1. Is it the case that some residue within the stretch 392-404 is within 17 Å of Tyr353 (Cβ to Cβ), in a strand (DSSP E or B), touching a residue at least 12 places away in the same chain (Cβ under 8 Å) and of a type in the set (D, E, K, R)?
2. Report, by residue number, each residue of the stretch 229-261 that is open to solvent by 70 Å² or more (accessible area, probe 1.4 Å) and either among the hydrophobic types (A, V, I, L, M, F, W, C) or in contact (Cβ under 8 Å) with a residue 12 or more places away in the chain (or both).
3. When you look at Val318, is it open to solvent by less than 30 Å² (accessible area, probe 1.4 Å), assigned by the TED database to the domain that holds Pro227, touching a residue at least 12 places away in the same chain (Cβ under 8 Å) and of a type in the set (A, V, I, L, M, F, W, C), yes or no?
4. Which one is farthest from Ile438 (Cα to Cα) among residues in the stretch 385-413 that are open to solvent by 60 Å² or more (accessible area, probe 1.4 Å) and either modelled with pLDDT of 90 or more or of a type outside the set (D, E, K, R) (or both)?
5. List the pairs whose first member sits in the stretch 188-204 and is farther than 17 Å from Pro109 by Cα, whose second member is open to solvent by 40 Å² or more (accessible area, probe 1.4 Å) and among the hydroxyl-bearing types (Ser, Thr, Tyr), and whose Cβ atoms are under 7 Å apart, counting only residues at least 6 apart or on separate chains?
6. Pairs only if they're at least six apart or on different chains, beta carbon under 7 angstrom, first in the stretch 97-119 and farther than 19 Å from Asp13 by Cβ and of a type in the set (Ser, Thr, Tyr), second part of a helix (DSSP H, G or I) and at pLDDT below 95; list them, first residue then second.
7. For Leu300, are the conditions met, namely being within 29 Å of the chain's Cα centre (by Cα) and crowded, with 20+ Cβ neighbours inside 10 Å?
Amino acid sequence: MASTLDKFIHSLDLRALPRVLQIQSGIYCQDSIYEMFGNECSLSTEEVIKVVGFKINKLIASICDNKEVHQFSDKVELPLNFPGLYKIVADKTPYVSIGEITRKVSIGPTRFGHPCFYSAKDIKLTNFTIKHDEQITFNSVEEVHGMMAVNCVVVRNNQPYSFTLPLSQEGEFYECEDEQIYTLKEIAEWKIPKGRNRIVKLSKTLHMWDSSNPLPENFDGCLILMPVYEVQAVMKSRNDIVHILSDLDVEVKDVTDCYDISSFLQPLSLEDIFERTSKEFPVVAEIMEGPSGSQNPYNLLSTGKEIVIYKKYQAARVLASEMRSDPSKRHYLIPMSYKGKFKRRPREFPTAYDLEIARSEKEHLHVVATKAFTSPHKELFSVSVGDQFLVQQCQTSEVLYEGRKKVIDVLACEQILSDSYKKVLLPMYMEGGFVEVIHDKKQYHLSEICKEFHLPFNVKVSVRDLSIEKDVLAAAPGLQFEEEITDSYLLISSASSPVESWEIPVFRSNMLVRLLSKDVQTDVLPVTRTTVEEVSEEEYYMLRRYENLTLHPPPRPPKKPT
């Protein structure tokens, strides 16, 4: 059965790819030429293409009143980088099963990929009942005991309860209200369900209005967003990936079940390559579609280039962020092979519990209080701004609370006075503020810092890495090493000039290749170049998904009644 390309893509599940489509009719037929992103291709009637991927390219927006879809203005086109921050209006149309939610809603490891729903009726599980109207957070989809299910969480009395719901679970599920604000790009990538439009409300404008803005001046209402997808496809007559917008005026027919899909070129992602066994390396590949920007070292990964992929492996990196508070803060992944040196910078600690985490046996942690704290217990110390302490150890202490003795965790410190030291106890829950006093003038290599100190750790580059043509870390005013991670990499070089090799991150390099039947000489591997990888805000949150969530301060007890 034929349908428009737009309708087909809106109903297509990414997990069903690849699909083979036959062009049926439209204005682009009879050897017509279609050009997109510099790719010129013929879309003749009965032409067959293989769809290998798709993503939202732009948004068509309509201004609506009172969040009602039927009251709208003329449509305007908005690029994904259109400025502004938006709140999502909860969809009033229910989902009829958990499976429908997983097919239409993005669920993933980032902070954007945890949608929340509620059921119109109670759901009784084996040893747990989900109450109607109770907020359910969807965290991930995975196989449980041979059945696909969603890992979910509900929170009761500030306590999280985890459980799974099978995709076969039927019911009436509604989207919860979302108080977060998002950019249009974040909404496009994570918050528009497949086959549905999305209503958003402008929360904050980021630029002054001018005549080029497609929205009315002083606009602060709601928009109905309809996505236009960019379809990635393979044609038999070409060796590269073609890009076609889903609103192209053509009709298509899905002929996957009656077509030999192997007769097309087989584009492989880096994830596909990484899944091969170690014995299958090295291989030679041609790049069908290369990454953009900083992911492309020395144009090595340009479309059409041939590369040698020597091996796959896991490698350690330190995730670092610039020490600045403005939105332009940048994030980096630094390899252990980085040859520069660092000097320590003062750390900041919001609670006494953070002091306990940061202290080490190697040296006394010396801090200055930046915020006053009045202790509710006479047995514990009250802090004034400017007080200096040497952190000792965690211990317990008895305090009088509402006429009863109670044992709580405290941090033993020595207060530094003008000519002596005074032993004091700080409550571990203390919400204060401390800044570290640095006495250490030594310069450290990255591996030394990871071995000798607890992360997070603040530094500044004192000697840049001379092996890197442009060391981006050297220009940073300060860096915070946040955590050490292990990630997946492929070691590659140019096939025509295998003098140097690079480590390419598997899950952050959006590129497609095809394997070539060519022999590889690997008597001596090329020298591996050190590269500091800059990561986007979204990639940063994905990398931090393994952050240790147990290291949080203990709850503060109730305040003493006045």
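The values are calculated or read from the model by the stated rules, or taken from the named source; none is laboratory data. Computed from a predicted model, the values in this text were never measured in an experiment. Because the Cβ atoms are built from the backbone with ideal geometry, glycine has one as well, and the counts that use them run over all protein chains shown. With ligands, DNA and RNA removed, areas are computed over all heavy atoms of the protein, side chains included. Shrake-Rupley method; radii C 1.70, N 1.55, O 1.52, S 1.80 Å.
1. Checking the stretch 392-404: not a single residue is within 17 Å of Tyr353 (Cβ to Cβ), in a strand (DSSP E or B), touching a residue at least 12 places away in the same chain (Cβ under 8 Å) and of a type in the set (D, E, K, R).
2. Across the stretch 229-261, the qualifying residues are Lys236, Ser237, Asn239, Asp247, Asp249, Glu251, Lys253, Cys258, Tyr259.
3. No.
4. It comes out as Gly403.
5. Going by the 7 Å Cβ cut-off, the qualifying pairs are Gly195/Ser11.
6. Close Cβ pairs (under 7 Å, with a partner that is part of a helix (DSSP H, G or I) and at pLDDT below 95) amount to Thr110/Glu538; Thr110/Tyr541; Thr110/Met542.
7. no
The rows are residues; the columns are (1) farther than 30 Å from Lys339 by Cα; (2) at pLDDT 85 or above.
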{"residue": "Ile492", "(1), (2)": "no, yes"}
{"residue": "Ser497", "(1), (2)": "no, no"}
{"residue": "Ser501", "(1), (2)": "no, yes"}
{"residue": "Arg514", "(1), (2)": "yes, yes"}
{"residue": "Arg529", "(1), (2)": "no, yes"}
{"residue": "Glu537", "(1), (2)": "no, no"}
{"residue": "Arg545", "(1), (2)": "no, no"}
